[in-house]
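Inspection log for the structure reproduced underneath, given as structure tokens.
Please treat every number below as a calculation from the coordinates, not as lab data. Given the structure is predicted, the values throughout are model-derived calculations rather than measurements. FYI the Cβ positions are ideal-geometry reconstructions off the backbone, even for glycines, and counts take in every protein chain you see.
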Amino acid sequence: MAEPSPLAQTIDEIVRSHHGLSTRLLQILREVQDKLSWLSPEAMDRVAEDLGISPDKVRRVAEFYSFLYTQPHGSYDILFSDNITDRMLGNRELLRYLCDRLGVGIGETRADGRVTVGVTSCTGMCDQGPAALVNGYALTRLDKPRLDQIAERVERLAPLPEWPREFFEVVSNIRRADILLGRHFADGAALRAVLERGGRAIVDELIESGLRGQGGAGFKLALKWMSCLDAPGDVKYVVCNADEGEPGTFKDRVLMQEYADLVFEGMTLCGRVLGARQGFVYLRGEYRYMLDALKATLQRRRQVGLLGAAILGDPTFNFDIDIHLGAGAYVCGEESALIESLEGKHGTPRIRPPFPTTHGYLNKPTVVNNVETFAITAKIAAEGGAWYASRGTAESKGTKLLSVSGDCARPGIYEYPFGVAVRQVLEDCGARDAQGVQMAGPAGRTIAPSHYGRQISFEDLATGGSFMVFAKHRDILDGMRNFAHFFAHESCGFCTPCRVGTSLMRDLVDKVHTGRGTRADLEEMRRLGRIMKAGSHCGLGQTAPNSVLYSLDQFPEAWERRLRSTAFEPAFDLDAALGEARRLSGRDDPEAHWLDAHDDDLVRLAKLLPARDASTVPDDDRNLLGAMP
């Protein structure tokens, strides 16, 4: 029997380290790519063979995630963050500058295979941009001198551990702290409380606290835990959603970096209440830089009896946590898509019901909460529900973390009691000339100055935590265009309203942004947005049109001043489409231009396109319709 090739040996070793589990497919593919820089057909076939699954499944997973490459990539893979806040800081100029220094095109791999330079949607470093990733690790506060040093190290093939540490420095920028960030917590306090008082007593405290999930939807936390607790079956799971992919949101990054013990304690507490023995953290791929530190924290907690077997000496208290690293898929922030990814699949949202609390990971009852939610549950268990409910409003108890970025003097993390006014946040972060605020990321609301007196709360302005500021000198449409492109790129393609709708919305926004739009296009955006909200399968498609729809209402003048005319104008420029044919044929005479001779017919044709049934077309237009291909 022939010895396996070096490639096969490498893959075999990686698969064995994951115990040959197909649920670890995404983690295995990430590690294989780390070794080889991309996933070749031979590598994917070997993974499939080792796991005993079909090669087609492996390829589908590899092609779904934007950080996995099925085509050759450079030894250095540099991705510039392209969120609107990075654009405000000049990232596009810096991107072109680095490409010129390295002699490579945007989105291309250099001929010698040394480097690939491209863009990614957002790296979660909005408070310290312009930012980028190199081989998955965060680079912050980029400028031309720093890019010169990066280019020099790429050219001499310097390993990343030899790069200056300051290139990779990620600071937390906590600007305002309250009961979550500012109050001391003794490790193990929540776990001692649940052992002393029992799981049902902790659920009662959560009910009294009024705590709602902090991801934005605001579902009552105690109801979710009780639904899973009461679900039949002895095997249950706890999942922490640390895949905060919403552009402009980075609070979970700070919690995982500075308060990981608190998050893990909240997960372990949940495990005891449910009777679960296994938990997972689904960590956003852009936060790879903290993976080793998080694993070290988990190991330390095991060593001191706060995790693993016989927690705090109780032989009935067994719970452990594993970390799964994402690979660049915004849709995996949706809890059922996240579970699919945890199971080694591509992250397509599930049809619901059933819900994860009864049919989640491996079809077992599962609680999925975000990082902020688990952190505060640990404090509630130790301090009591009444303590938490003493802050906030009647329907929104406690505090909220806000990720503040954009045009302000002091970007960073701000913790406020629910009920704080938008105006107060703007004053505190030094945004003195704010034209508008994008609340809750691109999927949220666009707020004009007339609404700055409104409160951040579930009963008024609900948010997952993103707070992006646009100064008066900005064109608000630049942000809306960036958001429209983001959603078109991130749609998983499962349902037509989202798959097609996000692309159509992107094209309509582009048309208006480039000065070719009409009032009819604005109305089409509204109509399309209603269809997407009503017909999309999951929250991504349902909320994707929000920024466009809200900005149309809040900033109508920003859209209207870009309009070319108020009359109908077709979105498809046929004469421009014929430009390539003219170039190839060497013709540029009047007869080679459609609009020179047929402008009126083109407008009539565009109006007839939806019909295509000659019986519904006026007699004078039937010849024109009959000429259509």
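What the table shows:
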| quantity | calculated |
| --- | --- |
| Prolate/oblate/rounded call for the stretch 105-241, Cα gyration tensor, a/c under 1.5 rounded | prolate |
| Convex hull volume per residue for the chain, taking Cα atoms only, in Å³ | 203 |
| Structure-based [θ]222 nm, the chain - -39500 (n - 2.57) summed over DSSP H runs of at least 4, per residue, nearest 500 | -13000 deg cm²/dmol |
| For the stretch 175-389, the spread of Cα positions along each principal axis, largest first, Å | 43, 42, 34 |
| Under 5 Å, built H, 5+ apart or other chain: amide partners of Asp320 | Gln278, Gly279, Gly308 |
| Burial ranking of peptide ranges 459-465, 558-564 (average Cβ count within 10 Å, highest at the top) | 459-465, 558-564 |
| Beta bridge orientation in the chain: antiparallel %, DSSP, nearest 5 | 45 |
| Positive-end residue of Pro417, Thr399, His473, charge dipole of the stretch 399-474 with Cβ unit charges | His473 |
| Computed magnitude of the charge dipole of the chain (debye, nearest 20; Cβ of K, R +1, Cβ of D, E -1) | 1440 |
| Cut-off under 5 Å, modelled amide H: who pairs with Asn370 long-range | Gln214, Gly215, Asn241 |
| Of all DSSP beta bridges in the stretch 175-389, antiparallel share, percent nearest 5 | 10 |
| From phi via Karplus (6.51, -1.76, 1.60), per-residue ³J(HN,Hα) for the stretch 376-385 in Hz, x at Gly/Pro | 6, 5, 4, 5, 5, 4, 7, 9, x, x |
| The stretch 175-389 - percent relative contact order, Cα under 8 Å, separation 6 or more | 32 |
| Added length on full extension, which subtracts the Cα-Cα distance from 0.36 nm per residue, Asp100 to Arg526 | 149.3 nm |
| Nearest-20 debye value, the stretch 40-121 charge dipole, Cβ charges on Lys, Arg, Asp, Glu | 240 |
| Karplus (6.51, -1.76, 1.60) ³J(HN,Hα), θ = phi - 60°, over the stretch 346-363, in Hz, Gly and Pro reported as x | 6, x, 8, x, 7, 6, 10, x, x, 9, x, 5, 10, 9, x, 4, 6, 6 |
| Neighbour-count order for Ser403, Ser17, fewest beta carbons within 10 angstrom listed first | Ser17, Ser403 |
| Sorted by Cβ density within 10 Å, fewest first, the residues Val420, Val171 | Val171, Val420 |
| Net lengthening on full extension, Arg92/Ala394 (0.36 nm per residue, minus Cα-Cα) | 104.2 nm |
| Spacing of the two label points (7 Å from each Cα toward its C-beta) at Asp204 and Lys35, in nm | 5.5 |
| Check: the stretch 6-64 dipole with +1 on Lys, Arg Cβ and -1 on Asp, Glu Cβ, in debye | 180 |
| Most positive-pole-ward Cα, Ile311, Thr348, Gly436, against dipole of the stretch 285-444 from beta carbon charges | Ile311 |
| Where chymotrypsin sites (Phe, Trp or Tyr not before Pro) fall in DSSP loop in the stretch 158-248, at most 16 other Cβ within 10 Å | Phe219 |
| Packing-based ranking, highest mean first, of 154-163, 544-553 given that Cβ atoms within 10 Å are counted | 544-553, 154-163 |
| Positive dipole terminus of the chain, leading residue within Thr109, Ala43, Leu294 (C-beta point charges) | Leu294 |
| Backbone HN-Hα couplings from phi across the stretch 461-468 [Karplus 6.51/-1.76/1.60, Hz, Gly and Pro as x] | 10, 7, 7, x, x, 7, 9, 9 |
| Net length gained if the chain between Ala158 and Asp178 were fully extended (0.36 nm per residue, minus Cα distance) | 2.9 nm |
| Restraint check, Lys224/Lys364; Lys295/Lys364; Lys220/Lys400; Lys345/Lys533; Lys251/Lys397, Cα-Cα greater than 21 Å | Lys295/Lys364; Lys345/Lys533 |
| Other-chain or far-sequence residues with amide H under 5 Å of Gly384's (modelled H) | none |
| Net charge contributed by nearby residues that have their C-beta within less than 14 Å of Glu343 (K/R +1, D/E -1) | +3 |
| Relative contact order, percent, the chain [alpha-carbon distance under 8 Å, six or more residues apart] | 12 |
